[in-house]
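Take a look at the structure below.
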Amino acid sequence: LAEIPRFYGSGVYAIYYKGPFPLYAPLSGSETPIYVGQAAPAINNARTPMEQGPKLCSRLSDHKKNIAKATTSLDITDFEFRSLVVQSGWETAAEDYLIHLFRPVWNSETSIVYGIGKHGDASETRGNKKSPWDTLHPGRKWATTEDAKSPAQIERELTDHFAAHPVFPDLETVLASFIEELRQV
């Protein structure tokens with residue numbers, strides 16, 4: 001993630017963590033992404049990656065900037081990404097499936113460490129509370145309000161999550177799970 005080449009296309013992406021942050025130890029270096037996202041095309045019915053625009057590249061760059069601001073707890077060199085350009089209109093379905101499969105802890109759907117995708121709105125906007133992501137990884141100057149969750153609560157939720165949803169240690173396990181879900185009873 002530290003080096004994102006410029007490329008065209010919209011689609012889906014996954015961010016993987018391989019660092020030493022203790023709360024993420026279960027997924028560090030695994031095939032389970034810490035975050036999954038999507039980027040819609042610049043033109044809804046774009047037919048080529050060039051027409052879709054540099055949407056995936058831009059979205060990944062946004063995440064890179066946010067992670068880099070968390071200088072006390074994260075190192076941008078501890079992150080990798082994979083992305084897939086998809087036909088316009090399929091981004092949401094692909095993202096939904098990946099979130100269902102991996103249950104990434106930074107996605108809002110898991111309700112644990114959500115907030116990396118927040119943009120720099122003022123702390124008083126809509127009475128926002130600091131996201132759990134900003135609580136664990138301080139550094140974004142605009143995230144100054146009270147915590148939505150305490151660090152202890154986030155730690156408990158992560159421990160419970162990893163106990164209920166073991167990470168995928170290798171690609172074979174990911175593929176086996178995918179194939180199992182395709183089976184029709």
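The table that follows gives values for the structure above.
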item: Area of residue 145 that stays accessible when all protein chains are in place (1.4 Å probe, Å², to 10); result: 40
item: Per-peptide average of other Cβ atoms within 10 Å, ordering 9-19, 81-91 highest first; result: 9-19, 81-91
item: Charge dipole (debye, nearest 20) of the chain; +1 at Cβ of Lys and Arg, -1 at Cβ of Asp and Glu; result: 600
item: Reported label for calculated mean projected area of the Cα convex hull in nm² given (1) 12.6; (2) 11.8; (3) 10.2; result: (2)
item: Neighbour cut-off at most 10 other Cβ (10 Å), DSSP loop, GluC sites (Glu not before Pro), segment 128-174; result: 146
item: The chain, helix-only ellipticity at 222 nm - DSSP H runs n ≥ 4, -39,500 (n - 2.57), divided by all residues, nearest 500; result: -10000 deg cm²/dmol
item: Spatially proximal aspartates and glutamates relative to residue 65 (Cα-Cα < 15 Å; intrachain offsets below 8 disregarded); result: 3, 75, 78, 80, 134
item: Straight-distance crosslink candidates among aspartates and glutamates, where the alpha carbon sits under 16 Å from residue 129 and sequence neighbours closer than 8 are dropped; result: 121, 146, 147
item: Radius of gyration and maximum dimension Dmax of segment 1-86, Cα, Å; result: 13.9, 43
item: Ranked order, 134, 170 - accessible area, probe 1.4 Å, largest first; result: 170, 134
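The values are calculated or read from the model by the stated rules, or taken from the named source; none is laboratory data. Here the structure is a predicted model, which means the values were calculated and not measured. Cβ sites come from the backbone with ideal geometry, for glycine too, and all protein chains shown count toward neighbours. Side chains included, ligands, DNA and RNA excluded: accessible areas come from the protein's heavy atoms. Shrake-Rupley method; radii C 1.70, N 1.55, O 1.52, S 1.80 Å.
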